[in-house]
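The values are calculated or read from the model by the stated rules, or taken from the named source; none is laboratory data. Just so it is clear, the model here is predicted, and its values are computed rather than measured. Every residue, glycine among them, receives a Cβ derived from its backbone with ideal geometry; neighbour counts consider all protein chains shown.
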Amino acid sequence: MSTLHRGHIFHLTGRPSVQEAAEALVEIPDGALWVEDDGTIAWCGRYSERPERRGGEVQVVDHGDAFILPGFVDTHMHFPQVNSIDAYCGGQLLEWLDRCIFPAEARFADEAFALGAAKEFCNRLISAGTTTSLVFGSAFPVAQEALFDEYQRRGLRGVIGRGIQTVGPETAKPLITSEEDAIRLTEAEIERWHPATEEAARRALVCVAVVPRFSLSVTTKTLAALGELYDHYRSSGVYFTSHLSENNRPGDGEIAAVLESFKVESYLDTYDGYFLPGGKKGGHSLLGRRSIMAHCVHCSDAELARLAAAGTAVSHCPNSQLFLGSGTMPWLRTVASGVTIAAGSDVAGGDNWLIPYVLNTAFKVHISEPGAAGVALHPAVLLHMATVAGARALDLEDRIGNFDTGREADMVVIDPSRWEPLANSLEWGVLSDDPEKRTHGRLFTLLMACNEVAVAETYVRGRKLNDEKA
Ligand SMILES: [Zn+2]
C-alpha cells in the first residue's frame, strides 16, 4: 500500500550547489509526500493538488502542523565513542584521545558491552532524525558485527568501517593490530558486509568503508597496503574516510605531528599516496568520489583544490572543533574551492547527536569569523549541509537528500508541539511580510531552535524506524 504523508514540507529540489541552495528551497505549508510501497517518492506537492490514485489503496498519515524534512545525513561520527560525550581530559585532541577515548574504545572488545552499545548508537541516531550516517567503527570484529547487525535489523542507512590502527601511544595498545591483521580484518569486513558489486551497493542500505583513524595511527607500510586494498575494492563502491587537518597547536598538535612523523609538507599527501619522506609517492591514493575527510580546519588552498578535484568531500564538524579547541574551518575559502561540505556531529568530539545543532553551531562560528571571512549562513545553506551535501558526499545523491520524484523516502518529522521553546519561536517570532523572507525566517528558526525532543518520527526508505527506548 502506498502512503501519503501530509505535513509542512521543506526541502531543496534538484541538485543545487551550495551557492544555489536558496533558489532550490521549497516550502509547502500544507504539503503531501506520496511514498510508494517500495519506499520511493512518487510525488511531492500541495495536499490540495495531490493526483488521483490510479488503483491500489493509499494510506494517509496526517502529521498535522509538524514539519517534514529529508532525513539528516551525519557524515562523521564514532561508534565506540557512543558513551564518551563530554568526557573531560583537560586538553585538546591528542590528550583527549589518549586520556578519554582510547581507554573508552578498548571496552568494545567485550561482546556483551558492544551489543548494548550498538543498540544505544542506533537509538540515538533514530531519536536525532539521522537517517544516513558515515561511521568510524570499532577496532574489534565482535563490536563491528554487533553494529552491522543492528543497522540491518533497525533499517538504518549507513556506511561503516572498522577503525584501523597499527601504531599509537600506550593507551591505544588494545586497539592496535599488526600490519597484516589490519589488512586481513578490513578485507574480511568488506567481504562479509559490503555488497559484491557497485550495482548492488547502489541498492543497499549498508556499505563498508576503509577507515584508518588518522595518519598518525598507521605506518607508511599500512598506508601502502590500504592503498592496494582500496584500489582492489573501489570499483565495488567501498568508501574511504579519515580525519584531516584538525588540530593545529604549534609544535605538538596533530598537524605538526603528522608533518614531523612522515617528513611531508602536506597532511593531505599522506592519504593521497605521497606519504614517503619529502612527499615522495609510496602507493595508491585513497581519495575519490566516495572518500570523505573530516574537519579540514587548517587545509591549504592547494589541499582544498586537490580534494575538490578528486571529488573527495569535507565533513564539517563545528561542535567537535569547538569542544576540542581545533579552530574554525574557513567557510568562504572552503566553499570557494568547490569541495562538497556536509555536516558531521563527530560524536563524541562533538557533544551532540542532533544535526540541526551542528548547523546551529556552524552558523555561530562562521558569523564570528574575523573581518571579511565572517558570514551569516543562509538557512537554505544550513539545510544543504544537512541533506543534499551529505547525500552528495556519500555518492547517494540520486537516491536521497530531497523529495524529488524517484528518490527514496528518507525523512524526519519535526513536531514543534513537543518542544515549547521551538513552538513559541515559530508561533510568536516576528517574520517578514515578504513570502520568500518568511520562508527563510521560518526554516532558520526551525533548524536553529530544534531539539531532539521535537524529532517525532524518522523514516528510511518510507519505513518508520523505532527508537526502541525503554
Ligand atoms: Zn572524528
Cross-chain or 6+ apart pairs with Cβ under 6 Å, the stretch 52-78 first and of a type in the set (Val, Ile, Thr), then within 16 Å of the ligand (Cβ to nearest atom) and in a strand (DSSP E or B): Thr75/Leu134; Thr75/Ile292; Thr75/Ser315; Thr75/Ala342
Meets criteria (in a helix (DSSP H, G or I) and crowded, with 19+ Cβ neighbours inside 10 Å) for Leu134: no
Boolean, Cys317 is at positive phi, of a type outside the set (Val, Ile, Thr) and under 16 Å from the mean Cα position of the chain (by Cα): no
Residues that are among the aromatic types (Phe, Trp, Tyr) and over 25 Å from the mean Cα position of the chain (by Cα), drawn from the stretch 268-294: Tyr274, Phe275
Residue satisfying condition, being under 25 Å from Asp398 (Cβ atoms) and over 23 Å from the mean Cα position of the chain (by Cα), within set Thr241, Thr219, Thr197: Thr197
Residue satisfying all of: in the stretch 263-299; in a strand (DSSP E or B) and within 16 Å of the ligand (Cβ to nearest atom); farthest from Arg234 (Cα to Cα) among these: His295
Cβ-Cβ under 7 Å pairs, at least 6 apart or on other chains, the stretch 260-275 side more than 20 Å from Tyr230 (Cβ to Cβ), far side at pLDDT 95 or above: Ser261/Leu216; Lys263/Pro277; Lys263/Gly278; Glu265/Leu259; Glu265/Gly279
Residue list for the stretch 224-262, restricted to those being in a loop (DSSP other than H, G, I, E, B) and in contact with a strand residue (DSSP E or B) (Cβ under 8 Å, 6 or more places away or on another chain): Gly237, Val238, Ser245, Glu246
Subset of the stretch 195-223 that is part of a helix (DSSP H, G or I) and out of contact with any strand residue (DSSP E or B) (no Cβ under 8 Å at 6 or more places or on another chain) - its residue that is farthest from the ligand (Cβ to nearest atom): Glu199
Val26 being assigned to a strand (DSSP E or B), modelled with pLDDT of 95 or more, surrounded by fewer than 22 Cβ atoms within 10 Å (Cβ to Cβ) and over 27 Å from the mean Cα position of the chain (by Cα): no
Selection from the stretch 412-439 of residues that are within 20 Å of Ala32 (Cα to Cα) and touching a Pro at 6+ places or on another chain (Cβ under 9 Å): Val412, Ile414, Thr439
Total residues in the stretch 307-320, condition surrounded by fewer than 23 Cβ atoms within 10 Å (Cβ to Cβ) and in contact with a Ser or Thr (Cβ under 8 Å, 6 or more places away or on another chain): 3
Every residue from the stretch 323-351 that is within 16 Å of the ligand (Cβ to nearest atom), crowded, with 21+ Cβ neighbours inside 10 Å and of a type outside the set (A, V, I, L, M): Phe323, Ser326, Gly344, Ser345, Asp346, Gly349, Gly350
Of residues in the stretch 72-107 being in a loop (DSSP other than H, G, I, E, B) and small (Gly, Ala, Ser), the one farthest from the ligand (Cβ to nearest atom): Gly90
Which listed residue, of Leu354, Leu359, is away from the ligand (no atom under 16 Å from the Cβ), closer than 27 Å to Ala310 by Cα and surrounded by 21 or more Cβ atoms within 10 Å (Cβ to Cβ): Leu359
Some residue of the stretch 174-188 being free of Cβ contacts under 8 Å to residues at least 60 places away in the same chain, crowded, with 24+ Cβ neighbours inside 10 Å, under 22 Å from Ala104 (Cα atoms) and β-branched (Val, Ile, Thr): yes
Single unsatisfied condition, Thr177 versus (1) assigned to a helix (DSSP H, G or I); (2) away from the ligand (no atom under 16 Å from the Cβ): (1)
